[in-house]
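Below: the structure, in structure tokens.
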Amino acid sequence: MTPFTILYCDAASADAWLNDDRLLALLHFGSPTASPTDPRICAVPLPELGGATAEVWLGAQPARTGVLDGVHYADNGAVLFLHLRLDESAPDALRSLTVAAYQRLFAAARALGYPHPLRIWNYFPAINQEVDGLERYRAFCVGRHAALGAEQVELETRLPAASAIGTCEPGLRLYALAAREPGWQIENPRQVSAFHYPVRYGPQSPSFSRAILKHWGERDDHLYISGTASVVGHASQHLDPMAQLDETLLNLEALIAQANQRTSAPLHPALLRVYVRPNLDPVLARARIARAFGSDTPLLFLRADICRRELLIEIEGLATSVTTHHRRNHAP
Ligand code: 3EB
């Protein structure tokens, strides 16, 4: 059985979910309000661009919630949602702060009985800013690699899927999905694995997998798709935002096809989150994505900074093999 499902909703219905004891996570986008005390609520401070404003993780069973060493969590026996926010004392301390954040996240996940983070989201401000000659995203990558190594994560075969996104709000924010057993790491045949990027992209290559496939039961697979952009091989492609989007869609299709080699039923995108820089028109992008994956695919658009300066769009999401979905064939 699928231990949880994910859906998008508007702000009004989002709060109604708080009355449901199966709720694992309520991700609030937009400008952050008062610090939420309910451990299931996690603020993601990125402006949303119309449509859904919240994401709901709904479990199959009632959830237990709590806070452990500053890590907020909810779990239901099969999956754990956890998040934390750390203040940055100084802009040049991001590397060591990242190490500290990962240590606390992993320690909490282990203590709660879910030692395998499947998917980690990373948010922090000024992601493209250089401090002491090193871009902050690259400093983050150094810290993350050190932390994952210290946790003895198999650095090429057991890497969590991830996104690393620039916000306009202070603080390093991490949230994650963890499980009792690991998933399968999936790499993209069109792309060099991020952990093998050459040194020109930073002193330490980014430690993430392109996706994690989790087999929750017979014909019940989840593919947690990392942030995917217009990168072929290891190089960014295209200056035009719509050309970047088309390349990104090809990457997503290739990644899902790769994962399908390990599933008994084909995967389809269940929902997609689209991060765009200001110069990209979400209306045009929406139409293009609908053409690729069907107009019934839920989309959530957020204004954000992407971790390479030249990248204008990045798409992440969940693909599922739920066979009750009847989908028409989409024209290419
Ligand atoms: C890329 O393909 C685009 O460092 O966690 C995408 C997803 C990207 C996750 C990360 C970076 C990360 O390299 C950037």
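When the range 141-170 is examined, which residues are found to be hydrophobic (A, V, I, L, M, F, W, C) and over 16 Å from the mean Cα position of the chain (by Cα)?
Here is the first cut: in the range 141-170, the residues hydrophobic (A, V, I, L, M, F, W, C) are 141-142, 146-148, 150, 153, 155, 159, 161-162, 164-165, 168.
Selection gives Val142, Ala146, Ala147, Leu148, Ala150, Val153, Leu155, Cys168.
Restricting the search to strands (runs of 3 or more DSSP E) fully inside the range 148-201 and requiring at least 2 residues that are away from the ligand (no atom under 14 Å from the Cβ) and touching a residue at least 12 places away in the same chain (Cβ under 8 Å) gives 172-179.
Taken over the range 118-136, the residue count meeting the criterion of being in a strand (DSSP E or B), within 16 Å of the ligand (Cβ to nearest atom) and touching a helix residue (DSSP H, G or I) at 6+ places or on another chain (Cβ under 6 Å) is 0.
Cβ separations smaller than 8 Å between residues 6+ apart or across chains give the following pairs from the range 257-271 residues that are in a strand (DSSP E or B) to residues that are aromatic (Phe, Trp, Tyr): His268/Phe293; Pro269/Phe293; Leu271/Tyr8. Across the range 3-17, the number of residues qualifying as buried (at least 19 other Cβ atoms within 10 Å of the Cβ) and hydroxyl-bearing (Ser, Thr, Tyr) comes to 1. Looking across the range 132-161, just one residue is hydrophobic (A, V, I, L, M, F, W, C), out of contact with any strand residue (DSSP E or B) (no Cβ under 9 Å at 6 or more places or on another chain), more than 15 Å from Leu105 (Cβ to Cβ) and modelled with pLDDT of 95 or more, and that is Leu134.
The set of residues from the range 219-244 being touching a His at 6+ places or on another chain (Cβ under 9 Å) and more than 10 Å from the ligand (Cβ to nearest atom) comprises Asp221, His222, Gln244. Just one of the listed residues (Arg40, Arg85, Arg64) is surrounded by fewer than 18 Cβ atoms within 10 Å (Cβ to Cβ), among the basic types (Lys, Arg) and over 30 Å from Leu284 (Cβ atoms), and it is Arg64.
Screening Gln204 on (1) in a strand (DSSP E or B); (2) more than 9 Å from the ligand (Cβ to nearest atom) shows it passes everything except condition (1).
Just a yes or no: is a residue in the range 77-99 more than 26 Å from Phe140 (Cα to Cα), in contact (Cβ under 8 Å) with a residue 24 or more places away in the chain and more than 17 Å from the chain's Cα centre (by Cα)?
Yes, the range 77-99 has at least one match.
The values are calculated or read from the model by the stated rules, or taken from the named source; none is laboratory data. It should be emphasised that the depicted structure is a prediction, and the values quoted were computed from it without experimental measurement. Every residue, glycine as well, gets a Cβ built from its backbone with ideal geometry; the counts of neighbours run over all protein chains shown.
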